[in-house]
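Nothing in this text is a laboratory measurement; each read-out follows from the coordinates by a stated rule. Computed from a predicted model, the values in this text were never measured in an experiment. Here Cβ is always computed from backbone atoms with ideal geometry, including for glycine, and neighbour counts include all displayed protein chains.
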Amino acid sequence: MNIVETEVIRVQHCSARGVTLLTSKPEGFAFQAGHYARLSVPALAEPVWRAYSIVSAPHEPWLEYFFTVIPGGALSPHLGALQPGDTVLMAKAAMGFFLADSLADGEVLWLLATGTGIGPYLSMLRQQGVLQRFDRVNLVCSVREAADLAYDAECRAWAAQHAHCHYVPVVTRGEVAGGLHERIPTLLRSGALEQHLAMTPLDPQRDRVMVCGNPDFTADMRALLNERGFTPCRRGLSGNMLFENYWQKATP
Ligand SMILES: Cc1cc2nc3c(=O)[nH]c(=O)nc-3n(C[C@H](O)[C@H](O)[C@H](O)COP(=O)(O)OP(=O)(O)OC[C@H]3O[C@@H](n4cnc5c(N)ncnc54)[C@H](O)[C@@H]3O)c2cc1C
Ligand SMILES: NC(=O)c1ccc[n+]([C@@H]2O[C@H](COP(=O)([O-])OP(=O)(O)OC[C@H]3O[C@@H](n4cnc5c(N)ncnc54)[C@H](OP(=O)(O)O)[C@@H]3O)[C@@H](O)[C@H]2O)c1
């Protein structure tokens, strides 16, 4: 693996476990909104590499990430302890297949996330061009508590500025203004999410769906979308649903 050093510009602890990290961007580093970077830190005795979605847009002069510190995790506690000026190691090539361009043409793009799974969507909405292809974009982010909505103000401003863009915060263990409170698959099964957005139920002819975050959530969403007749994107073939799994469930 080709490795490059980047420098921490800013670290912000936005909730009990949520951290936003800004680093320098290596000369010539190119990526598309939806890609992830592989990161590590130099201080570890054994190198540990983990994937992190890039939150910043491709045109921005820095790289931004949004992550949760997992207690006892091999890398995230080290990332959470970084200070401005520290070094973050990065694999030189951006990776991933979670790209809106992989989806077939459609009218409505649904961007569904749990927790830090909002990361790739932030890069897309900051770039805008990616989203112009669709008549309507619905961004739905589910977190436990309102404090976990680290990018809430940015998402509200984005939706207010673009008539075809809509943002629904979902807080499952607390309150949020203008949002909903049940898990996303539950809201879709009951039709409450579509009702909240004054839309008819999910439809594979009309809708394209991206799903990112908790592996139980992505599994639930895959089952729900399969039932509704959605088809996955496969290499070289455009489908109408796309998934990014952030971690594997630990085997007991
Ligand atoms: C394509 C891709 C993109 C990713 N992008 C992001 C991102 O933008 N932000 C982000 O926070 N993470 C992201 N992840 C997850 C990230 O790569 C690490 O898995 C995570 O930071 C934990 O690493 P760790 O070394 O601290 O924990 P590990 O030592 O690897 O794991 C410890 C335990 O925690 C579990 N675990 C791992 N991640 C989580 C989590 N988020 N919540 C609950 N349990 C977890 C694991 O199953 C394991 O049992 C992404 C993963 C993939 C595959
Ligand atoms: N965020 C915190 O305050 C907090 C506190 C203590 C520990 N942690 C640890 O930090 C890690 C990440 O926590 P997180 O809160 O960022 O992420 P998370 O546990 O994945 O929760 C984020 C959102 O996803 C929802 N969700 C979970 N499973 C789902 C499923 N199968 N289908 C649909 N939605 C689902 C949650 O709803 P529900 O609320 O209904 O689960 C919540 O709204 C976890 O290991 C957690 O144990 C976090």
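Just a few scattered comments:
- Rounded to the nearest 5, the antiparallel percentage of DSSP beta bridges internal to the chain is 45%.
- For Ile184, Ile118, order by how many other beta-carbon atoms lie within 10 Å, fewest first: Ile184, Ile118
- Shown is the FRET efficiency for Ser238 and Trp62, computed with R0 = 35 Å from the Cβ-Cβ distance and rounded to the nearest 0.05: 0.65.
- Distance from the range 136-176 to the range 54-95 (C-alpha centre basis), Å: 23 Å
- Residues Cys212, Cys155, ranked from the fewest to the most other C-beta atoms within 10 Å, line up as Cys155, Cys212.
- A straight line joining the Cα centroids of the range 3-53 and the range 191-247 runs 28 Å.
- Around the amide H of Thr231, modelled in the peptide plane, lie the amide H atoms of Asn240, Met241, all under 5 Å away and 5 or more residues distant in sequence or on another chain.
- Residue by residue, the range 146-151 carries 3J(HN,Hα) couplings of 4, 5, 7, 7, 4, 10 Hz when phi is fed to the Karplus relation 6.51 cos²θ - 1.76 cosθ + 1.60 (θ = phi - 60°); x denotes Gly or Pro.
- Considering only Ala16, Leu125, Gly73, and ranking their Cα positions along the charge dipole of the chain that arises from unit charges at the beta-carbon of Lys, Arg, Asp and Glu, the one farthest toward the positive end is Gly73.
- The chain, helix-only ellipticity at 222 nm - DSSP H runs n ≥ 4, -39,500 (n - 2.57), divided by all residues, nearest 500: -5500 deg cm²/dmol
- The range 100-245 - Kirkwood radius from inverse mean 1/r over Cα pairs (Å): 15.2 Å
- With Cα atoms, 0 to 90° folded angle of helix 215-227 axis to the chain main axis: 30 degrees
- For the pair Ala30 and Glu175, label points projected 7 Å from Cα toward Cβ lie 5.0 nm apart.
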